[in-house]
Each structure stands twice: as structure tokens, then as C-alpha cells.
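S.K.: Quick one: structure below, then a few questions.
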Amino acid sequence: MAKLTELPQEMVELILLSERKDLTAFMRICKSIHTLSEPLLYTEILITWDDCLKPKPSIELLLRTLLERPNLASLIKRIRFRNGLDPAARPANHQLSQDVLDLARNSIRLDRFPSSDTWIQGMQEGSVPIIVAFLLSRLHKIETLEIGIKFQSVQLVDMFTHALSDSGASKSISRFRYLKKVKLNPEAYSPRAGILVLDEVLSLFRLPSMQSLSFLVLDGYRPSHRGPCNPMIEVLELRHSQIREETLEDLLSMVPNLKSLNCGLWCETEPIDDHSSFLDCEALGKALKHTRLLEHLVISINFFASSAMEVDWGGAYEKGEHWGIKGSLGSLTDLAHLKSIEVPIVVLLGWVVSSSAPQLADILPRTLRQLLLRNDLNYFYKYEWDQQACLDRLSEYLGRLKTDAVILDGITVRLRDCPPEDRWDQDGKKKLELLCSEAGVSCTFDPSI
């Protein structure tokens, strides 16, 4: 029987990766297996921070290792900093041991960090976000970064900004040339839960290898400057974001080869400035005109308010025009590569059910394979898109599939937070299933009813 060390390296790596949780144990067997295992151990790192759990040494141990053995930093390809049990709470300071602090201080000075005194002070105070930013500055070959709000700081932005500058800072600071995927606020649950604002995120758009970005836009205002186009970015996810339609248009104009867009909108029931509604669907449709290569589109809507009265069953509506949906998304037929779309029906066809509204077949591209209609905002007063209204529009659409040569694979109706009285009844469900069956299309209700 062949020894582990005698097998081809590719096979050894597969064996070791299948037992990743035991890698540290493998490394203690002998020097040769240690040599094989070490690169795999550092390829992907996860750090979860909970102030209620002690001890919390993992980030310090990693930092010590990278400062004492800088060559290991190039092995790290993916790193994730998870928020832990309370995503919104900032972490308590973590006092670094004196030897690690001395190593970090010397590195900051030798590498000529921008505003080095601020970095050193933050490290001395044990600021976890600054410690994280410093750790990231060591990672020259990093490809994927996932970082929760607890770990974000101005210094983190400095790292990305420096990567794009020609300053006199040392080349020992990472330029993030291989960074392909960044996910900020992966566990965010509220539009108030972020740290970075749009101007600070824009530096990520300019990194040369960037392909996928996921972040939360807080302020909703247009950035002070517009970045250059980045043809490398194919995936953009705006999670729980307050963003103006014109700002979204600015962002989409920067990513001409975008293939997947997930736009999670958090809207305030009390309008900002002179806005008469919290979502202008016509302007949203105009922004999408920049995504001619788009293949997958997801739009979702949620709302929040400064007081409960603003979202009472009749309270918001009584404010007149100061809430709700304006217009509709308009035609998407220019998106000739679109394969799937998930969108609230009120965004696609407008707030009011009207016979003069366009038919689905006239606004959806013929390339579409999956259509998912959401019932977002069904809890608002005078929501009109009930079971029958949806059935009428879907019946028209399914009836034209063969005539228009559309090869649709499936239709899904997503009923989110739907009270019993607004759910589709069994009769309505069977009618849609029959229509889909006759058209050769699958039919799904999510959640199942």
C-alpha cells in the first residue's frame, strides 16, 4: 500500500482537503506531511468574532504568524470575517500582546503606511477593525474577501485606495491585484447597519481583477465622483440598500459587462427631499438600459420608517402621494441576454391594475427562461395585485409563448409574508398549473401553498 507522501501531489491535496478540519492534526505527523498540509491550511481562513466568547486569540495568532513568516501571506486566497451573534454591535477592543504589537508597529513604520500614527494608535488601543485592516494589508494574493460590519473602518478603505495610488508607500502593502470577489456586510439585516458609504466603496470598482461585488449602500445619495468603467465586473449585489435610481444608473454605467444584478431595495416611507414616492420604477428601468449583457436580474423591495404610524394599514396612504410606486419598469426587450428575472409585479407592471398597462409578452425579452413574480408590498393599503389580477396577466403571457417563439422553462409565484386572506386558493393554484402545463412550462409556488 502506497504511503501518503508517495502519492501524486494532486491526490494528496484531495485527500487532505476532504479532511480539512483535521489538517492541523495531519501537520503534526511528520515534516513531509506538514509541508504538504501547510499551504492548504492557509488557503481559506474564517474568523468569527463574538464578544461573549472567550478567549478570542485567532486573529492575533494569525497576525503573529504572518508577521514572523511573511511568505505564508501569499498562500491565503480566501478570508472571511464573520460578525457573530450580534451583527450590529461593534467589537470590544482586543489588547494585542506586546511582541505582536512591536512587530506591527515596526511594520507600519517601515512600510510607510498613510497616516501611520493613526494606525499605530489604533493597534495600541486594540481596535479590532484596524487590526483587521492591517492584517489585510499583508495579503498580496487574496482573491476573495468577505467582511462583516464589525470589522470595517476608514483604514480598510485606505488599503483599497492605496492599492490604486502611486504613492511612496512600500510595496509590502498589498495592491489587491488578484482580488476578484468582495462581500461587505454579508450578514447585514438593516439599512442602518452599515459602516462604509458609497464614495468609499467606489475604490473597489477600480481594482483590476474585480469580478463580483456585494455591498450595502447607506446614504442613497449620488457619489461625489463617478469611477471609470470596469469591464471585469460581472456580478453586482446591492443588499438592503437605500439608493436613488440615478445613483444606481451611475453604478451600472460603470459595469458594462454585468451579467448578474441583485438589487435589494430598502425604502423609507417618509420621502427624502421632494420625492413623491419611495421608488420610481421608470427611472429604475432607465438605469437597467446600461446592462445590455445582463443574464440574471433580481429586484426586491422592503421598507422601514421612523415611526410605526407611517406604515399603519391606512396611515401611509393618507399621506397622499408621499409613498408607493411610481410608474413601471417598462420594456426589458433590449436585454437580449436575459435568462431569469425575479421582480415584484408592482415594479414590472405598476401599482394600479389597469387594462391599459402593457402585457408581459410585450415587455419581457424572448430569451427569458425563468420568470419569478414577487408580491412585495402586498401588506400596503390598497394593494391591487390579487390572485385574479395575476392570473389574468400570466394567462395572456402563456398564451403568446408559442406565437412569440419564447422558450420559457418555468414560472414561480413567490408569496412573501402573505396573510392567509391574500394567499392563492387551491382553485387559483390549479388554474395556473393547468395554464403552465398546456404551455409546457413548470409552475412553482414559493412557499408552497
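The numbers here are math on the coordinates, done by the rules we state, and not lab data. In this text the structure is predicted, and so the values were computed from the model without any measurement. In this analysis, Cβ positions are derived from the backbone assuming ideal geometry, glycine residues included, and neighbour counts consider all displayed protein chains.
S.K.: Ranked highest first by the average count of other Cβ atoms within 10 Å around their residues, in what order do 340-353, 141-154 fall? Intermediate values should be presented prior to the final figure.
M.R.: Values: 340-353: 21.8, 141-154: 20.2.
The most tightly packed comes first, giving 340-353, 141-154.
S.K.: Give me the distance in nm between label points sitting 7 Å out from Cα along the Cα-to-Cβ direction at Lys430 and Gln359, one decimal.
M.R.: 2.7 nm
S.K.: Sort 389-400, 245-256 by the packing proxy (mean of other Cβ within 10 Å over each peptide's residues), most packed first. Before the final figure, lay out each step's value.
M.R.: Numbers: 389-400: 17.3, 245-256: 19.3.
Final packing ranking: 245-256, 389-400.
S.K.: At a 10 Å Cβ-Cβ cut-off, how would you order Leu204, Leu293, Leu62, fewest neighbours first?
M.R.: Numbers: Leu204 23, Leu293 14, Leu62 19.
Final ranking by Cβ density, sparse to dense: Leu293, Leu62, Leu204.
S.K.: Would you mind ranking Ser437, Ser212 by Cβ crowding within 10 Å, fewest neighbours first? Walk me through the numbers on the way to the answer.
M.R.: Numbers: Ser437 12, Ser212 16.
Fewest to most other Cβ atoms nearby, the residues stand as Ser437, Ser212.
S.K.: What is the spin-label model distance, in nm, from Asp392 to Glu125 if the labels are put 7 Å beyond Cα along the C-beta direction?
M.R.: Placing both labels 7 Å beyond Cα along the Cβ direction yields 6.2 nm.
S.K.: Another question about this same structure. In what order do Ser209, Ser355 fall by count of nearby beta-carbon atoms within 10 Å, going from fewest to most? Could the numbers behind the result be given before it?
M.R.: On the way: Ser209 13, Ser355 5.
Fewest-to-most ranking of Ser209, Ser355: Ser355, Ser209.
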